[in-house]
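Chemist: One structure follows; several queries about it will come next.
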Amino acid sequence: MDLFSLMSLPELYLAFAVAFLAGAVKGMVGFAMPMVLISGLSMMLPPQLALAGLILPTVVTNGIQALREGRAAAMSSIRQFRVFLSVGLVFLLGSAQLISLVPSQAFLLMIGIPVTFFATIQLLGVKLSLSEQSPKIEAAVGAVTGFIGGISGVWGPPTVAYLTALNTPKSEQLRIQGVIYGLGALALVVAHIGSGVLRAETVPFSAALTLPALAGMWLGLRMHDRIDQATFRKATLLVLMIAGANLLRRGVFG
């Protein structure tokens, strides 16, 4: 498939730059790739093409992130967060089929408001935390995450808010996010093959964005390894606040 039938050469270069930036942010804090990609690509490309573009880079980078500490550690994370993953998968597969029927703005506002509030008050010094995992809270967060993710391709903010509230160590949080997002990304592939978003015409574009995303992730991981837990937490909350504000922007202005 000729990429230039989908976009111009300058648009393709800009898409590569957005993918590199998304990879760098993901390597640093472990999330936000779909949000950076969907926001940046949607400024110059149709929304469904932007959504298709983020799918393969998200699958590949999350696989690397999940397995960075080995398969055994990844399997441990799957067992630990099985409630979140199971509930999220059901809601993601269901909501993905509604993409052409349900406007996403209302759902983006529903998640953008609490995420922005959570990150902002944490950065201001008001610490909200959970002493241990809660199956009920985890199921609720998983449902919201899966539903929003199936429609918009964005499922990071509620996951990160939950893990941050649990005061998860940075290396463990990076791995858990990779596992959760990686399995979610695989589900997204299946869901959007069914929805028609990912098809023969759009797969080459998504594949082309994978290399710059990996290059950016390599840089971000080097930065991640050099910061301490406190700095990681602040960086995570800052990205989370920006992500939440972007969800509000998209919810209000489309």
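Chemist: Output the direction-averaged projected area (hull surface divided by four) of the convex hull of the alpha-carbon atoms of region 162-251, in nm².
Modeler: Projected over every direction and averaged, the Cα hull of region 162-251 covers 7.4 nm².
Chemist: Kindly state, to the nearest 0.05, the FRET efficiency for residue 130 paired with residue 199, given R0 = 41 Å and r defined as their beta-carbon distance.
Modeler: 0.50
Chemist: Suppose R0 equals 25 Å. What FRET efficiency, 1/(1 + (r/R0)^6) with r the Cβ-Cβ distance, do residue 167 and residue 71 give to the nearest 0.05?
Modeler: 0.45
Chemist: Carbon and sulfur atoms: what percent of the 1.4 Å accessible area of the chain do they account for?
Modeler: 71 percent
Chemist: How do 83, 141, 190 stack up against each other in accessible area, from largest to smallest, with a 1.4 angstrom probe?
Modeler: Ranked from most to least accessible, the order is 190, 83, 141.
Chemist: Given the convex hull over the Cα atoms of the chain, what projected area results after averaging over all orientations, in nm²?
Modeler: Computing the convex hull of the Cα atoms and averaging its projections yields 12.4 nm².
Chemist: Go ahead and estimate [θ] at 222 nm for the chain from helices alone: -39,500 (n - 2.57) per DSSP H run with n ≥ 4, summed, over the residue count, rounded to 500.
Modeler: -25500 deg cm²/dmol
Chemist: Let me ask you something else. Using the heavy atoms of the protein chains and a 1.4 angstrom probe, tell me the accessible area per residue for the chain in square angstrom.
Modeler: Using a 1.4 Å probe on heavy atoms only, each residue of the chain averages 44 Å².
Chemist: Also: Using a Gaussian network model of the chain whose springs link C-alpha atoms within less than 10 Å, name the residue from 147, 31, 232 with the highest mean-square fluctuation.
Modeler: 232
Chemist: Let me ask something else about it. Just tell me the longest site-free run in the chain, where the sites are trypsin sites (Lys or Arg not before Pro) in a DSSP loop having at most 16 other beta-carbon atoms within 10 Å.
Modeler: 128-198
The values are calculated or read from the model by the stated rules, or taken from the named source; none is laboratory data. Please read these numbers as outputs of a predicted model, since none were measured by experiment. Cβ coordinates were reconstructed from backbone atoms using ideal geometry, including for glycine residues, and neighbour counts include every protein chain displayed. Heads up: the accessible areas ignore ligands, DNA and RNA and are worked out on the full protein's heavy atoms, side chains in. Shrake-Rupley method; radii C 1.70, N 1.55, O 1.52, S 1.80 Å.
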